[in-house]
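Below you'll find the structure, written out as structure tokens, and then a few comments.
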Amino acid sequence: MIREKIINTPPITGINPFDELPIDAVIWQKAHDNHHLHRLLHAGVCHRPGVVYGLEVLASGERKVIVAPGVAVDPEGRTIILQEPVTFEIDEKGEFFIVLIYKQPFIADSAVKVGGGEKYSEYLEGREVRAMKELPATCHLELARLYHTGPDKPLKNAANPFDPGSDEIDLLHRPLAFPHCYADVALGELAYVPVQGGGQRTWKPNRQGLWCLLQEGNGSGFHLTFAGPVNVAAEELPAPPALLYIAGQTGFQPLTEAQLAGLRRFLAGGGLLLGDSCGGDGFVNSFTELAGKLGATLQETPANHPVLRAHHIFAAPPPGGLEGGSLLLDDHAGVLLSQCNFGGAWQGDLSKATGANARERIRQAIEFGLNIVAYAAKRQRMKYLERIG
């Protein structure tokens, strides 16, 4: 399809300026079209049409559908930005397509009297989100589809997104642009005071690994920033990270009531707390105690849990810097405890591994680390969608 569009695209005209060149509307239009058409060609061919970020389609209420803010490139290479959520009801029976359409209306205030009529000097690059019973023949981007069995049937998000049923949102036909933004979030650290001293290195032994994971993600379709140590005791975090990371080997002193209250707010907002043991019982015991104060009951990761499939596909958590570790979690509370020292593997610190085996363990740990980031990002995004829905 893209190849056909390139073949059928008319030659792009450029303007060669010189001092005596008469400038009229035709010449000016050609000069602007040169840049505009190159931009469309670049977006459509190099990045491909599809969703860049966001634009999730969710069932909200009995027959309500909400489309979240986001960015997309349409089949003609035009960038479409949806800045506010769009909500509408579907109360008829039949198949519906949720589509995003580029619009370019003229601005009424730009009207100029020309001859016996008016012409407009300005237009607005806009968009329209519609629920249609047929896909339009004109340029559009499909975001979702569904089959509604009747006005009395509530709409739902698909229980199995790979096999949606009637009255469920079907996202299988939704195209993704390249490179698609899998997550746009910050990663932060939770500082603590070790019970046995040891200085700053004790509470941030894996900072290099966390930074390496961030860099790897930024080269793999993630938009990640490093938030550094986060003051969770603050009354309000202006831009809370999706993931708070805490690692160590020794136990740590209990957090203050203000810090615990801040962590509860962070988790309630969709944040994820990841504790990563570098070995020994001290850190594990302290983190387990902290998890209990946050209302979390840590259990073994079940098969097919979302964290195993959030980005890369895993049958079980891989080994990190330590062999024989486990990943415990409370999905509802948003608390994970790794006894694998993933952060150690992210920075190349491994036990009992050399050569190809060591490289494979590092690769698996980084891939699983991106799974944790994607899982955290989705938790935070879903909380946001609940608020706007």
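The values are calculated or read from the model by the stated rules, or taken from the named source; none is laboratory data. Remember, predicted model here, so these are calculated numbers, not experimental data. Counting neighbours? That spans all protein chains shown, and the Cβs are built from the backbone with ideal geometry, glycine included.
Taken as a whole, segment 233-241 holds no residue that is assigned to a strand (DSSP E or B) and either assigned by TED's automatic domain parsing to the domain that holds Gln364 or in contact with a Ser or Thr (Cβ under 9 Å, 6 or more places away or on another chain) (or both). Residues that are closer than 17 Å to Leu176 by Cβ and of a type in the set (D, E, K, R) within segment 45-75 comprise Arg48, Glu56, Asp74, listed in sequence order. Being crowded, with 18+ Cβ neighbours inside 10 Å, assigned by TED's automatic domain parsing to the domain that holds Gly54 and either in contact with a strand residue (DSSP E or B) (Cβ under 7 Å, 6 or more places away or on another chain) or not hydroxyl-bearing (Ser, Thr, Tyr) (or both) is a description that applies to Ile169. Please verify whether segment 316-327 includes one or more residues that are over 27 Å from Lys204 (Cβ atoms) and either assigned by TED's automatic domain parsing to the domain that holds Trp211 or buried (at least 23 other Cβ atoms within 10 Å of the Cβ) (or both). Yes: segment 316-327 contains one or more residues that are over 27 Å from Lys204 (Cβ atoms) and either assigned by TED's automatic domain parsing to the domain that holds Trp211 or buried (at least 23 other Cβ atoms within 10 Å of the Cβ) (or both). Checked against (1) closer than 25 Å to Arg130 by Cβ; (2) not in a helix (DSSP H, G or I), Glu20 passes all but a single condition, namely (1).
Residues that are among the acidic types (Asp, Glu) and within 20 Å of Arg207 (Cα to Cα) within segment 328-358 comprise just one, Asp349. Please verify whether segment 34-42 includes one or more residues that are assigned to a loop (DSSP other than H, G, I, E, B), over 26 Å from the mean Cα position of the chain (by Cα) and at negative phi. Checked against the condition, which is being assigned to a loop (DSSP other than H, G, I, E, B), over 26 Å from the mean Cα position of the chain (by Cα) and at negative phi, segment 34-42 yields no hits at all. Applying the set (1) surrounded by 12 or more Cβ atoms within 10 Å (Cβ to Cβ); (2) in contact with a Gly (Cβ under 7 Å, 6 or more places away or on another chain) to Pro105 leaves exactly one unmet item: (1). Does any residue of segment 102-119 turn out to be under 29 Å from the mean Cα position of the chain (by Cα) and free of Cβ contacts under 8 Å to residues at least 24 places away in the same chain? Looking for residues that are under 29 Å from the mean Cα position of the chain (by Cα) and free of Cβ contacts under 8 Å to residues at least 24 places away in the same chain, one finds at least one in segment 102-119, hence yes.
Taking into account only those residues within segment 248-301 that are assigned to a strand (DSSP E or B) and touching a Gly at 6+ places or on another chain (Cβ under 6 Å), which is surrounded by the fewest Cβ atoms within 10 Å (Cβ to Cβ)? Explain how you work it out, then say what you get.
To start, the set of residues in segment 248-301 that are assigned to a strand (DSSP E or B) comprises 248, 252, 272-277, 299-300.
Still in the running and touching a Gly at 6+ places or on another chain (Cβ under 6 Å): 272, 276.
Values: Leu272: 26, Asp276: 31.
Filtering first and then ranking leaves Leu272.
Number of residues in segment 79-124 that are within 22 Å of Ala43 (Cβ to Cβ), modelled with pLDDT under 90 and either outside the structural domain of Ala144 (by TED's automatic domain parsing) or part of a loop (DSSP other than H, G, I, E, B) (or both) equals 3. Among the numbered conditions (1) acidic (Asp, Glu); (2) assigned by TED's automatic domain parsing to the domain that holds Asn285; (3) on the phi > 0 side of the Ramachandran plot, the only one that Glu189 does not meet is (3).
One residue stands out among those in segment 193-232 that are hydrophobic (A, V, I, L, M, F, W, C), within 22 Å of Arg379 (Cβ to Cβ) and assigned to a loop (DSSP other than H, G, I, E, B): the one that is farthest from the chain's Cα centre (by Cα), which is Val232.
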